[in-house]
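Reviewing the structure listed below.
The values are calculated or read from the model by the stated rules, or taken from the named source; none is laboratory data. Source: prediction; values computed, not measured. Here the Cβ is made from the backbone with ideal geometry for all residues, glycine too, and neighbour counts use every protein chain on show. Just the protein is used for accessible areas: all its heavy atoms, side chains included, with ligands, DNA and RNA removed. Shrake-Rupley method; radii C 1.70, N 1.55, O 1.52, S 1.80 Å.
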Amino acid sequence: MAEQLKNIYTYDYQFNLSNKIKQNFEDFQSDEFLDSIFCKSWEEFELKQRMRHIAICLNQYLPISYENQLEILKKVSKDFSSYEAMFFQDFVEVYGLDDFENSIKALEVFTIDSSSEFAIRQFILKYEDKTMSQMKLWAKSKDEHIRRLSCEGCRPRLPWAVALPKFKKNPSKVLEIIELLKNDKSKYVQKSVANNLNDISKDNPHLVVDFVKKNLGTSKELDWICKHASRTLLKKSNEEILQLFNLGKSNHVNITNFNHDKEVILNGVLNFSFELVSQDTLGNLRVEYEIDYLKSNGNHNKKRFMVSQNYIDSKTKTFTKKQQFKNLTTRKHYFGKHYLAIIINGKEFIKKEFILNDTSN
């Protein structure tokens with residue numbers, strides 16, 4: 001089993017943190033700080049709870065003004081990086097909401113070696129206009145990490161973060177940031193732009209369709225952004241998006257030699273295969289399969305998976321796939337009748353049932 005992310009905060013990690021603070025603040029009580037970190041509840045805390053606990057302890061053992069706390073933490077943060085260093089940003093989120101200027105400067109520093117995408121959202125919620133104006137300035141930064149923050153931080157549906165309801169309803173201010181960054185040469189920034197647009201597509205699909213119409217074909221980089229931004233719309237078989245990516249035609253395709261397991265056991269796999277045939281070249285196809293999972297109430301819930309999306313320069317193409325049926329934290333399987341469908345360019349071509357059992361007969 002993979003090591004849990006929260007376990008990055010070892011004693012050595014915290015000891016190193018306390019030493020770095022001590023170097024910049026001689027009155028820092030290192031032993032007491034470490035005792036507070038590893039309190040009785042520490043083992044029960046999940047990743048973000050541990051980040052918050054570290055932030056609280058930092059505030060407790062830096063009994064100076066918030067501005068002076070930040071000056072120390074900005075220096076210390078240079079020795080820490082990646083997601084595990086996000087307790088610095090969490091410190092700003094907890095203790096800095098009433099000090100916009102100093103907090104924004106700190107988040108800009110902290111994001112370079114980590115990411116301030118979560119903490120900045122509280123400032124958007126409290127100071128929307130001021131924060132989004134700052135994000136526009138960040139979008140023009142020479143540093144890709146700062147430019148990425150300007151986009152990632154205002155995603156309406158950023159995973160594991162507080163949502164931005166106003167931007168879900170009306171993302172016009174977010175689109176202003178996207179316009180500043182859509183031609184960015186950094187892949188790190190391009191991915192954030194695409195993910196932000198994909199978020200927007202879930203509440204305002206027409207806006208993303210319009211974006212693709214205006215920008216597809218402009219450059220290789222922008223084509224990638226358009227395609228990655230459209231992944232939810234493609235999964236939902238949005239007709240306009242399918243047409244824009246030349247995926248509207250499928251009547252020339254037939255499915256033959258479709259085979260699938262009629263019965264699957266829990267922790268086993270569903271094996272299936274099929275062949276696409278055409279009198280002419282198959283051409284540009286998006287091939288997907290869809291599982292209708294049985295729910296506890298007897299209804300079914302569809303989940304779509306990608307098989308292939310490219311130009312097929314032949315008249316036939318065979319696909320062989322397998323789908324695991326293992327209980328996950330995000331999905332529990334229920335015994336009984338399920339369905340498997342093959343989708344080509346958004347159109348369902350074939351649908352067959354199969355049974356999930358606890359053991360094989």
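Within segment 202-226, work out how many residues are open to solvent by less than 60 Å² (accessible area, probe 1.4 Å) and either touching a residue at least 40 places away in the same chain (Cβ under 8 Å) or in contact with an Asp or Glu (Cβ under 7 Å, 6 or more places away or on another chain) (or both).
Total meeting the criteria: 5.
Within segment 335-361, restricting attention to residues that are among the aliphatic types (A, V, I, L, M) and closer than 15 Å to Glu288 by Cβ, which residue is farthest from the chain's Cα centre (by Cα)?
Result: Ile350.
Just to verify a result, which residue in segment 99-153, among those that are acidic (Asp, Glu) and without any contact (Cβ under 8 Å) to a residue 24 or more places away in the chain, is farthest from Asn170 (Cα to Cα)?
The extreme case among them is Glu101.
Name the residue, out of Asn297, Asn301, that is closer than 18 Å to Lys235 by Cα and of a type in the set (S, T, N, Q).
Asn301
Taking the conditions exactly as written (modelled with pLDDT of 95 or more and crowded, with 16+ Cβ neighbours inside 10 Å), does Asp199 satisfy them or not?
yes
Going by what's in this entry, would Lys332 be described as of a type in the set (Lys, Arg) and over 27 Å from the mean Cα position of the chain (by Cα)?
no
Name the residues in segment 227-267 that are buried (at least 19 other Cβ atoms within 10 Å of the Cβ) and β-branched (Val, Ile, Thr), would you?
Correct list: Ile241, Val253, Val264.
Among the residues of segment 183-196, write down those that are surrounded by 19 or more Cβ atoms within 10 Å (Cβ to Cβ) and either in contact with a strand residue (DSSP E or B) (Cβ under 8 Å, 6 or more places away or on another chain) or not β-branched (Val, Ile, Thr) (or both).
Asp184, Gln190, Ser192, Ala194, Asn195, Asn196
Restricting attention to helices (runs of 4 or more DSSP H) lying wholly within segment 99-167, give those where 2 or more residues are under 23 Å from Ala85 (Cα atoms), basic (Lys, Arg) and open to solvent by less than 40 Å² (accessible area, probe 1.4 Å).
Fully inside segment 99-167 and qualifying: 144-152.
Is it true that Asp292 is out of contact with any helix residue (DSSP H, G or I) (no Cβ under 7 Å at 6 or more places or on another chain) and over 19 Å from Ser237 (Cα atoms)?
No; evaluated as a whole, the condition is false for this residue.
Which helices (runs of 4 or more DSSP H) does segment 10-82 wholly contain that include 1 or more residues that are closer than 20 Å to Ala119 by Cβ and open to solvent by 90 Å² or more (accessible area, probe 1.4 Å)?
Filter on segment 10-82 gives 47-61, 66-76.
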